[in-house]
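Please read the structure below before turning to the comments.
The values are calculated or read from the model by the stated rules, or taken from the named source; none is laboratory data. Keep in mind it's a predicted model, so treat the numbers as computed, not measured. Here Cβ is always computed from backbone atoms with ideal geometry, including for glycine, and neighbour counts include all displayed protein chains. Surface accessibility is based on the protein's heavy atoms, side chains included, excluding ligands, DNA and RNA. Shrake-Rupley method; radii C 1.70, N 1.55, O 1.52, S 1.80 Å.
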Amino acid sequence: MVKEDLSDRAFMVRALELALAGRGRVSPNPMVGAVLVKDGRILGEGFHARAGAPHAEVVALEAAGEAARGATLYVTLEPCCHQGRTPPCGPRIVASGVRRVVAATLDPNPQVGGRGLTLLREAGLRADVGLLEAEAVRLNEVFFTYMTSGRPFVTLKAAISLDGKIATVTGESRWITGEEARRRVHEMRNEVDAVLVGIGTILRDDPLLTTRLGVPGQRDPVRVIVDNLARLPAKARVINSASAAPTLVAVGPKAPAYKVERLREAGATVLVLEQSARRISLAALMQALVAREITSVLIEGGAEIHASALSEGIVDKVAFFLAPLLIGGKTAPSALGGPGIEKLADAVRLRDVRFAPLGEDLLVEGYVLGYPRS
């Protein structure tokens, strides 16, 4: 472990800031930032911009050139030592003449997992690890879940009234929350690999499920529709939009063949998955998504999908946008459907809960108790 001092901490904070520039663009890789320092002066900086692009350490070394000799490299994740889409960083660091490497955390990738630091130490470099480790792990919670659990990191999102409703008795839901909250939802879409909804949401609202921030470089996530009996209309906007993002439709084995073929002809990718109790297995769907290198999923509705996701234990994080409205109505849908629970002891509990005001609304975020799970 590194013995923390103020200068080490400041440079690692800067590396973490740099890493954030890759948010939503590096999947299935981690976000990484690097800062090269000598005599208290920054010689070079870098971050990983996208999968297949140079790693943060290499960018920083190239910026510093020959001045890197004798310097200290601060990096938010242990340097890699294996050949992936790009050559390993470890040998490049050794060849640069860097004297010391400070890594925030070990790489959870089993191909690395401490071997990167071992390579550096065996080459005579001083290699420390553990500075701002908690911050570095949270920064890459998606990557750590993907590597350690072999599944996507799943966030369940809902916009609700103070009395827990997501729509009125007639199904009206536009708009429960205000502009700031809705913009934050689009920012979340811009940061994840996929957004997932149930067929009920499509039939009711016909949403686009795209990112509409109006900024350069925004990205649409893969649209995933859970549709047991292939009821998705071929004219639905998730299929017939200008977005280049694909649409995946998860159907059960009893979905009519002609409806499945119709969806494929319309341009959707159809996944036929196992089901239980007449519902598609969301756990099986997560495995199908991770096989496509989808490492993060934002579940946006509806109530039955929310309940199923929680009951199957696939949710890591909850993000509820709470609006200052009272809707009422016994038949108005709530954020969670399903049969419900009989005892409070069986309720899903959250930890590390955070609150953020967004205009008149309030974003409540927390991790499902028990995350991370193996």
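Both the radius of gyration and Dmax for segment 193-290 are 13.3, 44 Å, in that order, over alpha-carbon atoms. Where q = 0.11, 0.18 Å⁻¹, what log10 of I(q)/I(0) comes from the Debye formula for segment 61-144, counting one point per Cα? After summing over all Cα pairs, the log10 values are -0.27, -0.74. If you sort GLU342, GLU312 by accessible surface, 1.4 Å probe, largest first, the order is GLU342, GLU312.
In the chain, the portion of solvent-accessible area held by carbon and sulfur atoms comes to 53 percent [1.4 Å probe, whole percent, DNA, RNA and ligands not counted]. Once backbone amide H atoms are built at 1.01 Å from N, VAL270 has VAL249 as its partners under 5 Å, excluding neighbours fewer than 5 places away on the same chain. Looking at the chain, the DSSP beta bridges with both ends there are about 40 percent antiparallel.
Remark: segment 269-274, residue by residue, has Karplus-estimated 3J(HN,Hα) of 8, 9, 10, 8, 10, 5 Hz, where x stands for each Gly or Pro and the curve is 6.51 cos²θ - 1.76 cosθ + 1.60 at θ = phi - 60°. Pairwise inverse Cα distances across segment 127-267, averaged and inverted, put the Kirkwood hydrodynamic radius at 17.5 Å.
Protection proxy ranking of 100-111, 192-203, by the mean of other Cβ atoms within 10 Å over each peptide's residues and highest first, is 192-203, 100-111. Please state, as a whole number in µm²/s, the translational diffusion coefficient that the Stokes-Einstein equation yields for segment 1-86 at 25 °C and 0.890 mPa s, with Rh defined as the Kirkwood radius across alpha carbon pairs. Answer from the Stokes-Einstein relation: 189 µm²/s. By the equivalent-ellipsoid construction on the alpha carbon gyration tensor, segment 233-374 comes out with semi-axes of 30, 19, 17 Å, ordered largest to smallest.
Accessible area per residue for the chain is 47 Å², calculated with a 1.4 Å probe on protein heavy atoms, without ligands, DNA or RNA.
Seen from all directions on average, the chain presents a Cα convex hull projection of 20.4 nm².
Based on Cα contacts under 8 Å between residues 6+ apart, segment 69-165 shows a relative contact order of 26 percent. From the alpha carbon centroid of segment 302-354 to that of segment 157-203 is 13 Å.
Listed by chain and number, the lysines whose alpha-carbon sits under 21 Å from that of LYS38, ignoring those within fewer than 8 places in the same chain, are LYS3.
Between the beta carbons of PHE355 and GLN287, assuming R0 = 51 Å, the FRET efficiency works out to 0.95 to the nearest 0.05. Dividing the mean sequence gap of close Cα pairs (under 8 Å, 6+ apart) by how many residues the chain holds gives a relative contact order of 15 percent.
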